[in-house]
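Read through the structure below, which is laid out as structure tokens, and then see the notes.
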Amino acid sequence: MAHIYSEPSHTFGEYLIVPGYSSADNTPDRVSLQTPVAKFKKGEEPPLTMSIPMTSAIMQSVSGEKMAIALAKEGGISFIYGSQSVEDEAAMVRRVKTYKKGFVTSNSNIRPDATLKDILALKEKTGHSTVAVTDDGTANGKLLGIVASRDYRVSRMRGDELVSSFMTPLDKLVTAPDTTSLKEANDIIWDNKVNSLPLVDSAGHLKYIVFRKDYDSHKENVHELLDKNKSYVVGAGINTRDYEQRVPALVEAGADILCIDSSEGFTEWQQRTLGWIRAKYGDSVKVGAGNIVDAEGFRFLAECGADFVKIGIGGGSICITREQKGIGRGQATALIEVAAARDAYYEETGVYIPICSDGGIVLDYHITLALAMGADFVMLGRYFSRFDESPTNKLLVNGSYVKEYWGEGSNRARNWQRYDMGGDGKLGFEEGVDSYVPYAGSLKDNVNATLGKVRSTMCNCGSMSLPELREKARLTLVSSTSIVEGGSHDVILRETTER
């Protein structure tokens, strides 16, 4: 008969952190969230670290180039989704690596023969009030003018007016050559009292826009994650089918770290992929592997050469693998076992292999629980899909704004490589759903709020770093009744209304 575990597996919602002694020195502003991303030997520095323990999931509806730049500014890493052509993924990585801080490639562009209605629709879609008017409506077309909110009044216009009739034309704009430095651009902005500065090449084509509002934000990004060339750090997803073509393209594009994107990592397919990468690149290319849910799976991937190991099967908000196939494990139980295996491997070999908890995060405090249970960092899909920076559409549904969110195992994504078991190269059945998530605003605001909670809880445990949290944190299983007790209860909530 099958082996049956004596204890049920648990998830994060079944645990609470018991506070410990905290001194007057335990203040959130002193907490360090720095964490390793790739394996290293005892006594050596990790080859890659993050300022915050957060990565964005390898998903079409989560991790595009805009997400990668925004998350790197906050100190985390985004893994560009691999369920696209090799060329397109490499191009995304290259655009992140060549992104010039402060120099924004316009994603709100329109032709001069469009109308005010088109401007309003574009603003609704992107959330941006500054629209570049180019001859072909692209980000690098010939610049003809700019439309800002001051250029029109919806209440006094019909909506069919041509953009060319109310835009600020090129001859009235302050512009600069595309060779202008960021410091020079900011000086021009302040000297001319303008809110934006288009940078154009010698032929008049728009290259970038520098915004006044970005000046202060760049000063605020104290945790931004940069490589030795001062470019943003970015990851990329690969699969176990076309790695011989995809990996070289991503490495050439400048990806700092790769990750095998798979629903199940304890396989010969991942062994082959890791073996090929190590044979071709040695340890110079950093690559994570997974997903696994037990000590045996961790040991397997560690010995195959993984730089980090991803934990979690079936716990994602859009994942229905457990429903469809009956495989998986409660995320907390899986993480606790693998963390113990990671520590034992470190004691045995002197090699520390970071582990990533992927899935099962519903509330912000679940991130703190995952870190206390041994995760070096977490990977989040639904969490990041809600933000402006995710690549999906923002829609108005039943009076509320939402963003589209779908799983890689859904018919929409059709990422059969992620669920590949050596079959005929197609998605036999769905392991993910197509859905909406409540729109939540900007990544920066939400990440700062979430990490504020993490830091505060760490202070409650008397911990000033993640290794110290793992050492000092005390966790307790809670009953269903105490879970009810933990929320508001036995009161009539007042409904708040805006006045």
Could you check, for the range 13-22, whether at least one of its residues is within 21 Å of the chain's Cα centre (by Cα) and open to solvent by 50 Å² or more (accessible area, probe 1.4 Å)? no
Tell me which of these GLN245 doesn't satisfy, since it passes every other one: (1) open to solvent by less than 80 Å² (accessible area, probe 1.4 Å); (2) not in a loop (DSSP other than H, G, I, E, B). (1)
Tell me the strands (runs of 3 or more DSSP E) entirely within the range 304-403 that contain at least 2 residues that are on the phi < 0 side of the Ramachandran plot and open to solvent by 10 Å² or more (accessible area, probe 1.4 Å). 394-397
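Which residues, counting only those in the range 460-472, are in a helix (DSSP H, G or I) and either surrounded by fewer than 20 Cβ atoms within 10 Å (Cβ to Cβ) or without any contact (Cβ under 8 Å) to a residue 60 or more places away in the chain (or both)? So that I can check it myself, show each step before the final result.
Filtering the range 460-472 for residues in a helix (DSSP H, G or I) gives 460, 466-472.
Matches in the range 460-472: ASN460, PRO467, GLU468, ARG470, GLU471, LYS472.
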Single residue of the range 111-125 satisfying the filter (buried (at least 16 other Cβ atoms within 10 Å of the Cβ) and of a type in the set (D, E, K, R)) that is nearest to GLY137 (Cα to Cα): ARG111
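Per-residue answers, yes or no, for (1) farther than 26 Å from THR457 by Cβ; (2) surrounded by fewer than 19 Cβ atoms within 10 Å (Cβ to Cβ):
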| site | (1), (2) |
| --- | --- |
| ILE4 | yes, yes |
| SER9 | no, yes |
| THR35 | no, no |
| MET59 | yes, no |
Just one of ARG158, ARG95, ARG150 is without any contact (Cβ under 8 Å) to a residue 60 or more places away in the chain, open to solvent by 60 Å² or more (accessible area, probe 1.4 Å) and touching an Asp or Glu at 6+ places or on another chain (Cβ under 9 Å); which is it? ARG95
For the range 281-295, which residues satisfy the criterion of being under 22 Å from ALA249 (Cβ atoms) and either touching a helix residue (DSSP H, G or I) at 6+ places or on another chain (Cβ under 6 Å) or assigned to a loop (DSSP other than H, G, I, E, B) (or both)? GLY282, ASP283, SER284, VAL285, LYS286, VAL287, ALA289
In this structure, does LYS207 turn out to be open to solvent by 40 Å² or more (accessible area, probe 1.4 Å) and modelled with pLDDT of 85 or more? yes
Which listed residue is touching a Leu at 6+ places or on another chain (Cβ under 8 Å) and touching a residue at least 40 places away in the same chain (Cβ under 8 Å), from ALA302, ALA289, ALA340, ALA332: ALA332
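The values are calculated or read from the model by the stated rules, or taken from the named source; none is laboratory data. Note that the coordinates shown come from a computational prediction; the quantities given were computed from them, not determined experimentally. FYI the Cβ positions are ideal-geometry reconstructions off the backbone, even for glycines, and counts take in every protein chain you see. Heads up: the accessible areas ignore ligands, DNA and RNA and are worked out on the full protein's heavy atoms, side chains in. Shrake-Rupley method; radii C 1.70, N 1.55, O 1.52, S 1.80 Å.
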